[in-house]
């Protein structure tokens, strides 16, 4: 199985930090944010990782190289313009499915978590599997509901989509090339009962502001996050 790290965002909420540095390269305890993802993916045996990029993307390639020093092979999917999540994944499908496997792991480049990637299902039973977390302060209403192992559009005890998922290439069938969000594809698949999910109650932060980056940096430096 291959994995994709989504790293093409402009990082506008992180300015001025991202005016000269792409968000995935911002440091957490002396290490670039994206390096934590790469190392954790390598630790569970995922050795081919696709990274899309747009804003200051050449810096990402220069900093990470071919991935050899992490024990992985990095493949880059540059975007002339940000294609949003679904558009970026669709552009990268030839890289993600090059081994003949039509499913792949996707993780947002701007999150920080100790979620164990090896906990994801070995095979999909539908079109997607989402990792959901408790609702943070900036998303109190949540995104979806989890009923047994199925993700639903509506329902009680709503949770937030973490940005970690296992997806099938079939989810993108018929999607025209160009910018496109992922949420409508997931919602349609949910109405068909083809999205499974799980609740993760470990450490997870969406690094959307400099203040959240500082919080994560302190937590790592003080050893308050287990199993990194």
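How much mean residue ellipticity at 222 nm does the chain get from its helices, if each DSSP H run of length 4 or more adds -39500 (n - 2.57) and you divide by all residues, to the nearest 500 deg cm²/dmol? Don't skip to the answer; put the middle values down first.
On the way: 5 runs with 53 residues, N = 228.
-7000 deg cm²/dmol, from helical runs alone.
With P(r) over Cα pairs in 5 Å bins from 0, in percent defined as stated, name the option among (1) 1, 7, 15, 19, 19, 15, 12, 8, 4, 1, 0; (2) 1, 7, 15, 19, 21, 19, 13, 5, 1, 0; (3) 1, 6, 12, 17, 19, 16, 12, 8, 5, 2, 1, 0, 0, 0 computed from the structure displayed.
(2)
Hey, quick one: spin label on residue 137, modelled 7 Å out along Cα-Cβ, who in region 189-208 has an amide N within reach, i.e. under 17 Å?
Of the residues in region 189-208, 204-208 have backbone N under 17 Å from the label point off residue 137.
Treat each spin label as a single point 7 Å out from the Cα along the C-beta direction, and report the residue 209 to residue 19 distance in nm.
So the label points at residue 209 and residue 19 sit 2.0 nm apart.
Would you mind calculating the relative contact order of the chain from Cα pairs under 8 angstrom and at least 6 residues apart, reporting the percent as a whole number? All intermediate terms of the calculation are to be shown ahead of the outcome.
Working: 445 pairs, mean separation 54.4, N = 228.
RCO, the chain: 24 percent.
By count of other Cβ within 10 Å, fewest leading, how are 31, 150 ordered?
With the fewest neighbours first, 31, 150 line up as 31, 150.
With the chain treated as a Gaussian network of Cα nodes joined by springs under 10 Å, which of 86, 141, 43 yields the largest mean-square fluctuation?
Most flexible of the set in this elastic network: 141.
Mind telling me which of 30, 208, 178 comes out most flexible in a GNM of the chain, alpha-carbon contacts under 10 Å?
30
Once you have the Cα-Cα distance between residue 221 and residue 101, take 0.36 nm times their residue separation minus that, and quote the gain in nm to one decimal.
Extra length available between residue 221 and residue 101 comes to 39.4 nm.
I want the antiparallel fraction of DSSP beta bridges within region 1-135, as a percent rounded to 5.
Of those bridges, close to 10 percent are antiparallel.
Every number in this text was worked out from the coordinates using simple rules, so none of it is lab data. Predicted model only: the values in this text are computed from it and were never measured. For neighbour counting, all protein chains shown are included, and Cβ atoms are generated from backbone atoms with ideal geometry for every residue, glycine included.
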